Amino acid sequence: MGSGVTTLQDNVTFQFDKKYTMNYKTGEMVSGKVKFQNDGQIELKLKNIMIEIAGEIVYYTIRGPSLAKSSDIHVRPFFNEQHIVRSGDAQSSFLLEQGEHVWPFSFCLPDNLPSTLAQSRIKGPSIRYVVRVHFVPSDWFKRRIQKASFISVQYHSSPMLSNEIREENQNSKNINLQAILHEDFVTPGEKCPLIVNINNPNRVTITRLSMVLIQYQNLGVAGEDEVTVIKKDLNGIDNFQGEKWQNEFKIQIPEQIVSSYTGIPSQWSSRKPLVIRYELCLEAHCAGLFTNACVRLPFTVGHQKQKKVDEDPFPPKYDKLFLV
């Protein structure tokens, strides 16, 4: 039966209406056809044929003693929509005829879904989206035949207005570190301006200035995780001993970075929201223990930035408002 099921799965193909890409954004339609070539070698007595789209969180748990640990994989759905494309009568099954069968499908991705999230480490959590076809047998003890095709979904929020954000911190050696991010809403692939000011009145040696872009994940039952997206030393401050230092950098936001997200999908079983957020962490490194100065700049990653409208400092003249 196993080899027969595998053969039947090989006879199933997906044909999506969107050409040359499997990337979708929230609010978009996912449509296409499922094709199945029934060669008649195995009798298919079915209760129904169903096509579904699903969003799922995949995570692992570890069990067993330290020397004999094993891992279990868990799949927790947060979005699912199903269409039955063929079924028998209420109390009966049907035999699927020999030959080629084609079943169209169409699903609309809700606006409040999180983006596809790849694993950042071995057995780390992930978010995936999949279109599946199920051949449900009439006999409960028989194995269900199914075939899946994975797609990528990008969360698109409403346009957001970006604002300047600045943070500063002073360490035990009176080093004041200030960072200014011109915009707290950035788009993938953008070069984001960052200004760094250092006030060092005691002329303490600052060995280097490091930057880390961190993605924070809170995926409910899958737990919390921190992912380092970028980690590097910024140029121009090797063993600096001056009183004041300032420089501007262009931080390249990765093209494939996942959108920020905080929300509860309509079919999520928990009251706690799923969260993906970002921080830019800067650290001025000094000799000694616990002497570094650190600042954290939270920001949002999205795809639709609202343009700023310059305000007119002078009120309009009333005679111009009432021209006819």
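Below are the figures for this structure:
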| quantity | calculated |
| --- | --- |
| Positive-end residue, the range 1-152 charge dipole about Cα centroid, Cβ charges, pick of 88, 15, 148 | 148 |
| Residues of the range 231-269 with amide N under 17 Å of the 7 Å Cα→Cβ point at residue 212 | 231-234 |
| Loop sites in the range 101-169: chymotrypsin sites (Phe, Trp or Tyr not before Pro), DSSP, at most 10 other Cβ within 10 Å | 140, 141 |
| Size of electric dipole in the chain: Cβ of Lys, Arg +1 and of Asp, Glu -1, about Cα centre, debye, nearest 20 | 600 |
| Two-site FRET efficiency, residue 122 against residue 6, from Cβ-Cβ distance with R₀ of 22 Å, rounded to 0.05 | 0.20 |
| Calculated from backbone phi, Karplus (6.51, -1.76, 1.60) coupling profile of the range 8-15 in Hz, x at Gly/Pro | 5, 4, 5, 8, 9, 10, 9, 10 |
| Cα gyration tensor category, rounded, prolate or oblate, for the range 191-262 with a/c compared to 1.5 | prolate |
| Over 19 Å (Cα to Cα) - which of 25/272; 35/147; 123/147 fall in this group | 25/272; 123/147 |
| Low-density loop positions, GluC sites (Glu not before Pro), the range 125-222 - DSSP coil, at most 14 other Cβ in 10 Å | 164 |
| Tensor-based shape of the range 1-92 (alpha-carbon gyration tensor, a/c under 1.5 rounded, otherwise prolate or oblate) | oblate |
| Inter-centroid distance (Cα atoms) of the range 74-90 relative to the range 44-64, Å | 10 |
| Hz values of 3J(HN,Hα) by residue in the range 72-77 - Karplus curve (6.51, -1.76, 1.60), Gly and Pro given as x | 10, 9, 10, 10, 10, x |
| For the range 160-306, size of Cβ-based charge dipole, Lys and Arg +1, Asp and Glu -1, in debye | 100 |
| Anisotropy class of the range 2-154 from Cα gyration tensor, a/c 1.5 cut | oblate |
| Alpha-carbon centroid distance for the pair the range 238-267 / the range 6-38, whole angstrom | 37 |
| Order of 262, 187 under a 10 Å beta carbon neighbour criterion, fewest first | 262, 187 |
| Check: the range 1-154 dipole with +1 on Lys, Arg Cβ and -1 on Asp, Glu Cβ, in debye | 600 |
| The chain: Cα Rg divided by the 2.2 N^0.38 Å rule of thumb | 1.39 |
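Laboratory data are not the source of any read-out in this text; all were calculated from the coordinates shown. Remember, predicted model here, so these are calculated numbers, not experimental data. Note that we place each Cβ from the backbone using ideal geometry, even for glycine, and neighbour counts take in every protein chain shown.
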